[in-house]
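Remarks on the structure that follows.
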């Protein structure tokens, strides 16, 4: 017989019923014919039986095992069910697995309903004309009360070259009293201002037209922002156009939708509205008016709050072949102010500008003014009024730059009046200071110029901070070698000494100037520590914030300039941009402490700058190391400045509503007592 | 699944499959108490699964998996205990048989002494009436290997029985001879 035999595996599988029908019948057929395989299968079966017998002989588990195990299990089950109440009902998971289809359909249905609702809500919005009308009503409602509007102004030439300038426009307006003031400032410099202290008195200040405020009557026709491009799209033209726009405004708060409605009513302009989401996730209604003509396009967009319909941003873009410009006004804050808190000084023209412009009272000598003021004694002010008066005096001095180390003494009298004693350089300065203080009826001024005092009294008070007058010593500078090496590559040898002296003078003056700003901030911190500043309300509080902002901004600008000059004259030793640093993560907890830190840094910078560029005392390190140290200090100055800026912002802006309410502002926990003691 | 329904299923499974699982656990651990606990744990786990609404297609295989998982955990923990002992204690533990699972000293042990661990597992599971497919799934081997291992194990058992009858020594897994094992 030539047929092969099956293996033990197959025979066993056949016996265990693990073979498929055809295979099994083949094996069975073979087994009928093959005694050898039959006997092998019998051996395997016998072995299985033997093993099974041994297996069966094991009396484990005993017959009662099943019952015992069941009882044990049931006891456990009872405990389990008692302690797991979630199993009494269907868990979300089990519910889902049981009713999966129903659940999916329900979820899908809910999603569809929500989507439809969202879509309808999105689409069903008021018409553009309705939004404009509602927005105008909201703005008029706001104008009924005395308000302060602060806008961020951006004027940009987009093409052919990007030039962008940011500035700030502040408007104070009181409808009932018919008082108005507006100030347009860029980095602390006043670019335009308008005042209306009362109905009959109107002043305007435009540095392009003249250096002093002039009496003013508004243009007969208000200019719309859509007309800003009428004179050209270059930056200077746009800036001039904005000034024209400002000067043509009525004596009332700025309305962002007025311009839009004027522009939209013109021929060929299409107005659309859409709901959109800003980067901060806030939803706004965006109105867009477009006009497209041959080779010129203008698009004016206004973003409106969908809840109260108050506009928050106005942006206009002009495009012509190869040219584009943008102008935007965005609301920084708008606050209603109790009229009692609008001090008259806000609506009066800046004294230092007006001093030489107007005659009469402003032309009065300081002696005469003192006499007049003494006759105007009023009731004794409260403590907070007294602090407010001090702020107003400081602000008047600040506006003429008298806060930067001039020898001025402020004495508080028991009557509440303030005596100012000042020693100024010349008669012109004396007049200016007298005019600055003239508007303050509670001030007595004793101002003298140097020629009026004996030589023995001409000593500088150390409390006033350092002198900023620097003269470069004639001897060789600590970094003479480095400067010469750098300048010889750019200038003729004969020119080099002169250039070095010029740069050294510039750098030491700048460093002194930075120090003067830091001292001014420190003096404000000393005069108005948290315990006093907290009591300030209304305009005095705003004036204090303004002074701090001005000094911080001026200090930062001068610090950057210092770094730029260093980087340009010594490019190998100091890299451009190195002095710009990220803001400190652990910013000082209050602005007084930040002011101290800033002064520390500034003093170190000034010392090192004098050592390097004025030959005051040679630095301990070699010049290159000292330069790197100076660069590091400038970075530190930058971050200290930012820290102060944020601390001031936190102190004065954290809760703007409180500025004008009776409650005090929030104050973070006081910084280390060490810093407080230094104050 | 409801409480009553799940409970009924578990109780019927106790009757049909519980003793087999208990025997398997005992053979693997050598401890009746431990085998009891393992089986209980497996049935409780199955009950929890059913109450959570999960479907268990093959309750026998499922509970066997749980038991095998616990046995391997138990073995690992015993090994770790052995590693933590001092060398002298380690030797003592090894000699007293406390280090690794104890093997029951009975006829079945003597019978299976000639088999490899895997062969013994296949035979045990087959004795508990598991299909080749279930055995392969549990042991993670090919279904054909089940038949081969089973046939090989039976042949070894046959040879060992013949040797025993003729009084000849046969090598066992532990190195001892069958005769010694059976004495």
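For region B:44-71: of the residues being within 13 Å of another protein chain (Cβ to nearest Cβ) and touching a residue at least 40 places away in the same chain (Cβ under 8 Å), which is nearest to residue B:140 (Cα to Cα)?
B:63
Tell me the residue from A:260, A:271 that is assigned by TED's automatic domain parsing to the domain that holds residue A:327 and either under 28 Å from the mean Cα position of the chain (by Cα) or assigned to a helix (DSSP H, G or I) (or both), please.
Matching residue, one of A:260, A:271: A:260.
If you scan region A:85-103, which residues turn out to be at pLDDT 70 or above and either at the interface with another protein chain (Cβ under 10 Å from one of its Cβ atoms) or touching a helix residue (DSSP H, G or I) at 6+ places or on another chain (Cβ under 9 Å) (or both)?
A:103
For region A:54-77, which positions are within 7 Å of chain B (Cβ to nearest Cβ) and under 17 Å from residue B:13 (Cα atoms)?
A:61, A:65, A:66, A:69, A:70, A:72, A:73, A:76, A:77
Quick check on region A:1-27: of everything there that is out of contact with any helix residue (DSSP H, G or I) (no Cβ under 7 Å at 6 or more places or on another chain) and part of a helix (DSSP H, G or I), which residue is nearest to the other protein chains (Cβ to nearest Cβ)?
A:23
Scan A:553, A:513 and give me the residue that is more than 23 Å from the chain's Cα centre (by Cα), within 30 Å of residue A:346 (Cβ to Cβ) and assigned by TED's automatic domain parsing to the domain that holds residue A:652.
Of A:553, A:513, the one residue that is more than 23 Å from the chain's Cα centre (by Cα), within 30 Å of residue A:346 (Cβ to Cβ) and assigned by TED's automatic domain parsing to the domain that holds residue A:652 is A:513.
In this structure, is residue B:18 on the phi > 0 side of the Ramachandran plot and either crowded, with 17+ Cβ neighbours inside 10 Å or assigned by TED's automatic domain parsing to the domain that holds residue B:134 (or both)?
Judged against the criteria, residue B:18 is not a match.
Taking residue B:34, is it away from chain A (no Cβ under 12 Å), surrounded by 15 or more Cβ atoms within 10 Å (Cβ to Cβ), out of contact with any strand residue (DSSP E or B) (no Cβ under 6 Å at 6 or more places or on another chain) and modelled with pLDDT of 85 or more?
Yes, satisfied.
For residue B:5, which of the numbered conditions (1) more than 11 Å from every other protein chain (Cβ to nearest Cβ); (2) surrounded by fewer than 18 Cβ atoms within 10 Å (Cβ to Cβ); (3) modelled with pLDDT under 85 fails to hold?
Among (1) more than 11 Å from every other protein chain (Cβ to nearest Cβ); (2) surrounded by fewer than 18 Cβ atoms within 10 Å (Cβ to Cβ); (3) modelled with pLDDT under 85, the lone unmet condition for residue B:5 is (3).
Can you tell me which condition residue A:533 does not meet? The list is (1) surrounded by fewer than 24 Cβ atoms within 10 Å (Cβ to Cβ); (2) at pLDDT below 80, and all the others hold.
Among (1) surrounded by fewer than 24 Cβ atoms within 10 Å (Cβ to Cβ); (2) at pLDDT below 80, the lone unmet condition for residue A:533 is (1).
So in region B:137-170, with the set limited to residues that are more than 11 Å from every other protein chain (Cβ to nearest Cβ) and in a helix (DSSP H, G or I), which one is nearest to residue A:20 (Cα to Cα)?
Ranking the qualifying residues of region B:137-170, first place goes to B:137.
Are there helices (runs of 4 or more DSSP H) fully within region B:68-131 with at least 1 residues that are at pLDDT below 70 and farther than 17 Å from residue B:23 by Cα? List them.
Once the helices (runs of 4 or more DSSP H) in region B:68-131 are filtered for at least 1 residues that are at pLDDT below 70 and farther than 17 Å from residue B:23 by Cα, what remains is B:87-95.
The values are calculated or read from the model by the stated rules, or taken from the named source; none is laboratory data. Since the model is a prediction, treat every value here as computed from it, not as a measurement. Here Cβ is always computed from backbone atoms with ideal geometry, including for glycine, and neighbour counts include all displayed protein chains.
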